[in-house]
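Notes follow once the structure below has been shown.
The values are calculated or read from the model by the stated rules, or taken from the named source; none is laboratory data. From a predicted model like this one, the values you see are computed outputs, not experimental measurements. Because the Cβ atoms are built from the backbone with ideal geometry, glycine has one as well, and the counts that use them run over all protein chains shown. Heads up: the accessible areas ignore ligands, DNA and RNA and are worked out on the full protein's heavy atoms, side chains in. Shrake-Rupley method; radii C 1.70, N 1.55, O 1.52, S 1.80 Å.
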Amino acid sequence: MSNTSNKMISNLFMERGKFVLIGLTGRTGSGCTTAANILESQNPNFPKVTEINYNGHEFYNGLNVNRYEILSSFSEEKFSPFYSIKVSDLISAYILLLGINEAVNFIEEASTTITSKIKIKKTDIKEKLEKGSFSKNYLNKKFDRLLRKLIHHENNDNLDKYELSKFLSFMRLTRKFTEDFKSELKELDNELYIRVYQSAGNSIRRIGKVQASYKNTDFNPESVFHLPETINRIIKVIRKIKDKAFIVIDAIRNPYEAKFFKERYAAFYLISINAPNEDRKTYLQHIHKLSVDDIDNLERRESGKTQIDNSDFVSQNVKRCIEISDVHLFNPRNEIDNHNILKSQLAWYFALMLHPGLVTPTSIERVMQIAYTAKSNSGCISRQVGAVVTDSDYSIKAIGWNDVAKGQVPCNLRSLNGLIYGFDEITYSQYERNDLKFRTEAKIQLAAIENQEALAGKNLSYCFKDMKNKIDDKGNQVHTRSLHAEENAFLQLSKYGSTGINGGKLFTTASPCELCAKKAYQLGIQDIVFIDPYPGIAIDHILSIGNRRPNLIQFSGAVGSGYHQLYEPIIAYKDELNYIGTFS
């Protein structure tokens, strides 16, 4: 009976023990590659709880000490090295298909926006490539054929026995080329290799290949998934040649690529690596020798703020990738070569990937999950944000999300059609119904989209703030119809009554803007836990001064669907122990 039960329990967890797929995301310098290197090492040496400290304090305390000891012990027992698929290596594979003159032209085009004091000459680029790694025979004829099969998306069944047997060697050679090629580009300019690989990624997403003139070439929608499809083919080959396939993708920086894997693999987890801004910028300046201007340009590109047509699909948007991540890891970079905090979190979530429900969520995860769920109530068509206010012991006092005041109609339930053809004074304001400039702009927008086939049957919502700012030619934030999530949560406290929250905590799926930050400060909030910084000056200007300043805590933990995947047991733990003979 015991052997049969053991086998049944083993079968329940078998697939999880054979295949795990992790996608890493995060801003450049946050530590995605460090995380990938830890996962692909033979023995990560997960630290003891006493070895994990941050700013002179233990990183884990209370029941989290017990949770970590259980999870790290399980990870030590079950860990096998991951196969690392570096997106930069795949981009290198696309680059290797270019002739040397094509490569020179592409690099020159990519370098045009670099804020370097010295203009990079085309002759210098060509000389570097002719003498360097690009001209070396990294890939022999057989490997070159394998490269073309992968990039041109031929059927994986077409790989012969030799190609299958040498596939991992092929991947190692591609990585060697990437390392050498990046070093050579850095010799021309510190930021050049970042710019070249980001531009190459944009080119692949736009037209399915690397080409100097990609910005002026018609956008091919199917190309958005060209790079993830190449990665997917590699995943399938690895699963074909290995019984146990733990795979990490380093690094995903386009949200549509992340969703590609979310929709295909139940075993896929998108993990964001987040470093404090000051730590990350110091790392980029000291290690990668980037200037302040270089870092500012990098921030703009990684936030999806580019001038490329269809940039929402083509460009990097790390900010959005972080927003949709299943797990968020905190990675302070204040001590060189000390990765214990990062290692401990990788051990934590690796254990839960193999065996969901081994422990319960942390207090921070529990509350942030409520904020994350609350944001789905928002009727804002621009961005949904959730917030929760607790006392010092994580007891919830108020929940809010960004939305219009109670009694008004949310933006996603209004439409241009209703505005133009109806005169509902409950749904549309007197200004919207009577201002000539506003109605003229609304008619222009409606005419531009109402007959498009792709929008057939969809509600033609509109953003009042965007339309008003377009008319005024300003970027004013006061015209938003919605209350902010934090503001809404604070108002619930006074509307329905509450005990005091002085010394309490604010959880937000973004981070508070300047106005909400001032309110949090005034209410005596002690801790502000956020997922991703708001693009304003609230942190530097409002929250970092005075003698009652709140503690800013970057969220680490599982959230959204990842929270349920990792913390919901496959079988009740008592029953599992019973079946394997622990209890009589």
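If the requirement is being buried (at least 18 other Cβ atoms within 10 Å of the Cβ), among the basic types (K, R) and modelled with pLDDT of 85 or more, which of these qualifies: K86, K122?
On the way: K122 fails: buried (at least 18 other Cβ atoms within 10 Å of the Cβ).
When all the criteria are applied, what remains is K86.
If you take the residues in the range 502-511 that are open to solvent by less than 10 Å² (accessible area, probe 1.4 Å) and modelled with pLDDT of 85 or more, which one is nearest to the chain's Cα centre (by Cα)? First the steps, then the outcome.
In the first step, residues of the range 502-511 are kept if they are open to solvent by less than 10 Å² (accessible area, probe 1.4 Å); the result is 504, 506-508, 510-511.
Those still in the list that are modelled with pLDDT of 85 or more too: 504, 506-508, 510.
Working: G504: 29, L506: 22, F507: 19, T508: 17, A510: 13 Å.
Only one residue fits best here, namely A510.
Are any residues in the range 424-442 touching a helix residue (DSSP H, G or I) at 6+ places or on another chain (Cβ under 6 Å) and open to solvent by 50 Å² or more (accessible area, probe 1.4 Å), and if so, which ones?
K437
Could you grab me the full set of residues in the range 411-437 that are basic (K, R) and closer than 12 Å to F464 by Cβ? Even if it seems obvious, please write down each step before you answer.
Going through the range 411-437, the residues basic (K, R) turn out to be 414, 433, 437.
R414 - this is the single residue of the range 411-437 that is basic (K, R) and closer than 12 Å to F464 by Cβ.
What number of residues within the range 359-382 are more than 21 Å from the chain's Cα centre (by Cα) and open to solvent by less than 10 Å² (accessible area, probe 1.4 Å)?
Count: 2.
Checking H153 against (1) surrounded by 15 or more Cβ atoms within 10 Å (Cβ to Cβ); (2) in contact (Cβ under 8 Å) with a residue 60 or more places away in the chain, only one condition comes out false. Which one?
Condition not satisfied by H153: (1).
What are the residues in the range 365-419 that are in a loop (DSSP other than H, G, I, E, B) and out of contact with any strand residue (DSSP E or B) (no Cβ under 8 Å at 6 or more places or on another chain), if any?
Here is the first cut: in the range 365-419, the ones in a loop (DSSP other than H, G, I, E, B) are 378-385, 391-395, 402, 404-405, 407, 409-410, 414-415.
Answer for the range 365-419, where residues must be in a loop (DSSP other than H, G, I, E, B) and out of contact with any strand residue (DSSP E or B) (no Cβ under 8 Å at 6 or more places or on another chain): I381, S382, R383, D393, S395, G407, V409, R414, S415.
Within the bounds of the range 318-332, is there any residue that is modelled with pLDDT under 90 and not in a helix (DSSP H, G or I)?
Scanning the range 318-332 turns up no residue that is modelled with pLDDT under 90 and not in a helix (DSSP H, G or I).
Just checking, how many residues over the range 224-278 are touching a Ser or Thr at 6+ places or on another chain (Cβ under 9 Å), under 29 Å from G557 (Cβ atoms) and surrounded by fewer than 21 Cβ atoms within 10 Å (Cβ to Cβ)?
Matching residues across the range 224-278 total 2.
Give just the number: which of (1) open to solvent by less than 10 Å² (accessible area, probe 1.4 Å); (2) modelled with pLDDT of 95 or more; (3) polar (S, T, N, Q) does S315 not satisfy?
That leaves (2) as the condition not met.
Which one of the conditions (1) without any contact (Cβ under 8 Å) to a residue 12 or more places away in the chain; (2) buried (at least 17 other Cβ atoms within 10 Å of the Cβ) does K215 fail to meet, given that it meets all the rest?
(1)
From the list E263, E299, exactly one residue is at pLDDT below 85 and outside any loop (DSSP other than H, G, I, E, B). Which is it? Write out each step before concluding.
On the way: E263 fails: at pLDDT below 85.
Of E263, E299, the one residue that is at pLDDT below 85 and outside any loop (DSSP other than H, G, I, E, B) is E299.
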